[in-house]
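Peer 1: Here's a structure for you.
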Amino acid sequence: MLVLGIESSCDETGAAIVDDTGRVLSDIVQSQISLHAPYGGVIPELASRDHLRNAGPVVREALAKAGVPWDGIDGIAVTNRPGLVGALLVGVQMAKGLAWARGLPLVGVDHLVGHLLAVFLRRSDEAEAAPEFPFVALLASGGHTAIYRVDGPSAPLVRELGGTRDDAAGEAFDKVGKLLGLGYPGGPVIDRLAKSGNPKGVPFTLPMGHSKSFELSFSGIKTQVAARVREHGIPKTEAELADICASFQAAVTSVLASKLVAAAVMEGVRTVVIGGGVAANGELRARVSALAAERGLRAVLPELASCTDNAAMIAYAGLVRLQQGERDGWDLVATNATSLPRETRKGRGAR
Ligand code: KG4
Ligand code: ZN
């Protein structure tokens, strides 16, 4: 079975073709980062207009790169929640038009379920063998951060065990990046600079970091960085900048990794998984692998390109729905609410 996935929930327009083993035949991502960079965050109206420009070309490119004709495609999956509604609408309307024109079944996909299942994608021979259900997953992106128990590949089988009470982890990386004058998005730059810094250089602390619950909070550490910059100004030397990045990153990734592994132990589950843009972070990946090994758990990490927003994870999550005989109709709507239970997080957008 081959499925075309379409993603337009935030600032990436994506189209991809994936088969039922999770093999990625093509995955085209047209990033809007340079469009939003001057504003330090995503401007919804600009995002929608750029998706409109890019949606047709990325779908054409995904088909061409996979070398698959339209009659080789068995269904269309599209992100319809959660996200910027005007941005989501572009992908949803594109998917409806294509499904109607080609007589193909259509399914909407929850973007968060896409991130949780990204670990099933195989882009190269280096991809790890897929995890078995149940697993406990940390989803850490620019708009969401939570720990879930995942008993199967669809929303009703996913239960949130705890999540952020304020900012998402990626949002904290981006805000700290902005405070330090590193541009947008801050995550990848902080990841790089932290490598040469001293993680004990600045004593940052994370609220709820030591609590036994799986609740998280990231706005306090952002305030600590802001207070430091107010007092001392933006670091003038590379070394000082690297120390702040390393200390911030160590504080955030140690709490994320330890709560993920503690949640798996509490649930009696043998496998942990990560997903979302922050799952591309080198230190988080290393900490999760090491802590899981210490507790005798298996850690399955998605390939880097599967962490940040992409349409391949949407195609795969949609493929699972299609295989279960599920279909959506022309009344499929775009909404900012996730279908996962216990979701009270705020929406994405300029931050
Ligand atoms: O999953 P994603 O592409 O989009 C959302 O669904 O939000 O995540 C984007 C977030 C941004 O906040 C970005 O700074 C962060 O993921 N990110 C990283 C890294 N790469 C992307 N954070 C830390 N380290 C990275 N290497
Ligand atoms: Zn995402």
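The values are calculated or read from the model by the stated rules, or taken from the named source; none is laboratory data. Quick caveat: nothing in here was measured; it's all calculated off a predicted structure. FYI the Cβ positions are ideal-geometry reconstructions off the backbone, even for glycines, and counts take in every protein chain you see. These area figures cover heavy atoms from the full protein model, side chains too; ligands, DNA and RNA do not enter into them. Shrake-Rupley method; radii C 1.70, N 1.55, O 1.52, S 1.80 Å.
Peer 1: Could you tell me the ratio Rg/Rh of region 135-302? Both radii from Cα atoms, Rh via Kirkwood.
Peer 2: 0.98
Peer 1: Calculate the dipole size of region 52-139 relative to its Cα centre from +1 charges on Lys and Arg beta carbons and -1 charges on Asp and Glu beta carbons; express the result in debye to the nearest 20.
Peer 2: Charge dipole of region 52-139: 480 debye, to the nearest 20.
Peer 1: I would also like to ask the following. At 1.4 Å probe radius, can you tell me the per residue accessible area of the chain in Å²?
Peer 2: 40
Peer 1: Could I ask something else about it? Nearest 5 percent is fine: what portion of the DSSP beta bridges confined to the chain is antiparallel?
Peer 2: 55
Peer 1: Let me ask something else about it. Within region 213-273, report the trypsin sites (Lys or Arg not before Pro) that DSSP leaves as loop and that have at most 10 other Cβ atoms within 10 Å.
Peer 2: Here the trypsin sites (Lys or Arg not before Pro) that fit, given the DSSP loop and packing criteria, are Lys236.
Peer 1: Shape call for region 1-142 from the C-alpha gyration tensor, a ≥ b ≥ c root eigenvalues: rounded (a/c under 1.5), prolate (a/b greater than b/c) or oblate?
Peer 2: It comes out oblate by the Cα gyration axes.
Peer 1: What ³J(HN,Hα) values, in whole Hz, does the Karplus curve 6.51 cos²θ - 1.76 cosθ + 1.60 give for region 156-171 when θ = phi - 60°, with x put for Gly and Pro?
Peer 2: Ordered by residue, 3J(HN,Hα) equals x, 9, 10, 10, 6, 9, x, x, 6, 8, 9, 6, 7, 4, x, 4 Hz.
Peer 1: Can you list the GluC sites (Glu not before Pro) in region 126-173 that are in a DSSP coil and have 16 or fewer other beta carbons within 10 angstrom?
Peer 2: Glu126, Glu128, Glu132
Peer 1: A further question follows. Ignoring ligands, DNA and RNA, what percent of the accessible area of region 183-224 is carbon or sulfur (1.4 Å)?
Peer 2: That fraction is 61 percent.
Peer 1: When the accessible area of region 281-338 is computed with all protein chains present and a 1.4 Å probe, what percentage of it is carbon and sulfur?
Peer 2: 51
Peer 1: Now a separate question. Which length gain, in nm to one decimal place, applies between Lys65 and Glu128 when the Cα-Cα distance is subtracted from 0.36 nm times their residue separation?
Peer 2: Extra length available between Lys65 and Glu128 comes to 20.3 nm.
Peer 1: Given 0.36 nm per residue, what is the gain on full extension from Arg327 to Ser258 after removing their alpha carbon distance, in nm?
Peer 2: 21.0 nm
Peer 1: Between Leu139, Gly209, Ile6, whose Cα lies farthest towards the positive end of the dipole of the chain when Lys and Arg beta carbons carry +1 and Asp and Glu beta carbons carry -1, centred on the Cα centre?
Peer 2: The one lying farthest along the dipole's positive direction is Gly209.
Peer 1: Quote the relative contact order of region 135-302 in percent (integer), defining contacts as alpha-carbon pairs under 8 Å separated by 6+ residues.
Peer 2: Value for region 135-302: 28 percent.
Peer 1: Leaving out ligands, DNA and RNA, what percent of the accessible area of region 22-138 is carbon and sulfur, probe 1.4 Å?
Peer 2: Percent of accessible area from carbon and sulfur atoms in region 22-138: 53.
Peer 1: Helix 238-267 versus the longest principal axis of the chain: what is the Cα-based angle in degrees, 0 to 90, to the nearest 10?
Peer 2: Relative to the chain, helix 238-267 is tipped by roughly 60 degrees.
Peer 1: Sticking with this structure for a sec: Per 0.36 nm of contour for each residue apart, how much would the distance between Ala227 and Ala239 grow if the chain were fully extended, relative to their Cα-Cα spacing?
Peer 2: Extra length from Ala227 to Ala239 when fully extended: 2.4 nm.
Peer 1: Put a dot 7 Å past each Cα toward the Cβ at Asp166 and Asn336; how far apart are the dots in nm?
Peer 2: Here the answer is 2.0 nm between the modelled labels.
Peer 1: Calculate the FRET efficiency for Asp20 and Arg192 from the Cβ-Cβ distance with a Förster distance of 30 Å, rounded to the nearest 0.05.
Peer 2: Computed FRET efficiency for Asp20 and Arg192 comes out at 0.25.
Peer 1: For the pair Arg159 and Glu45, how long in nm is the line joining their label points, each one 7 Å along Cα→Cβ?
Peer 2: Going by the 7 Å Cα→Cβ label model, 4.5 nm.
Peer 1: Hey, another quick one. Using the crude model of +1 on Lys and Arg Cβ and -1 on Asp and Glu Cβ, and no other charge, please compute the dipole size for the chain relative to its Cα centre, in debye to 20.
Peer 2: The dipole magnitude comes to about 700 debye.
Peer 1: For the charge dipole of the chain, defined by +1 on Lys and Arg C-beta atoms and -1 on Asp and Glu C-beta atoms about the Cα centroid, which residue among Pro188, Pro105, Met94 has the Cα displaced farthest towards the positive pole?
Peer 2: Selected residue: Pro188.
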